[in-house]
1. Assess whether Tyr90 counts as being modelled with pLDDT under 95 and loosely packed, with under 12 Cβ neighbours inside 10 Å.
2. Could you figure out which of (1) more than 13 Å from the chain's Cα centre (by Cα); (2) on the phi > 0 side of the Ramachandran plot isn't true of Lys98?
3. For segment 23-77, what are the residues that are in a loop (DSSP other than H, G, I, E, B) and surrounded by fewer than 16 Cβ atoms within 10 Å (Cβ to Cβ)?
Amino acid sequence: MARKPRPQTPAPATATKPTSPSPHSNRQLLVLGVAQAVGFFAGAVLGRGLGMLLGLDAFAPEGYSGRAIAGIALIGLGGGAGVQAARLWYIRRHGDPKV
């Protein structure tokens, strides 16, 4: 008994569409990356400073106490806020890169 050939299924519509080039140049995306790195570092330093002012030393010699964990959390929150601030600055200046 001979097998019937399978009907060919068309490729999905997304596979046939050409990808559009990014509206942002490599230089602009480099600016975004550097701005986010600087924002992360500055935010983390500010978070560390705020933690020190509040008595929450992330690098306390007694180890991972509750106060040290709170200090670490402030550093992380500061770094994240710095990245978001840098991203908002970039979006206002160049538009959303949708990366």
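The values are calculated or read from the model by the stated rules, or taken from the named source; none is laboratory data. Because the structure is a prediction, the values reported are computed rather than measured. Because the Cβ atoms are built from the backbone with ideal geometry, glycine has one as well, and the counts that use them run over all protein chains shown.
1. no
2. Every condition holds for Lys98 apart from (1).
3. Pro23, Ser25, Leu54, Gly55, Phe59, Ala60, Pro61, Glu62, Gly63, Tyr64, Ser65
Results for (1) among the polar types (S, T, N, Q); (2) at pLDDT below 95, shown as yes or no for each residue.
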residue: Val31; (1), (2): no, yes
residue: Val45; (1), (2): no, no
residue: Ala81; (1), (2): no, no
residue: Gln84; (1), (2): yes, no
residue: His94; (1), (2): no, yes
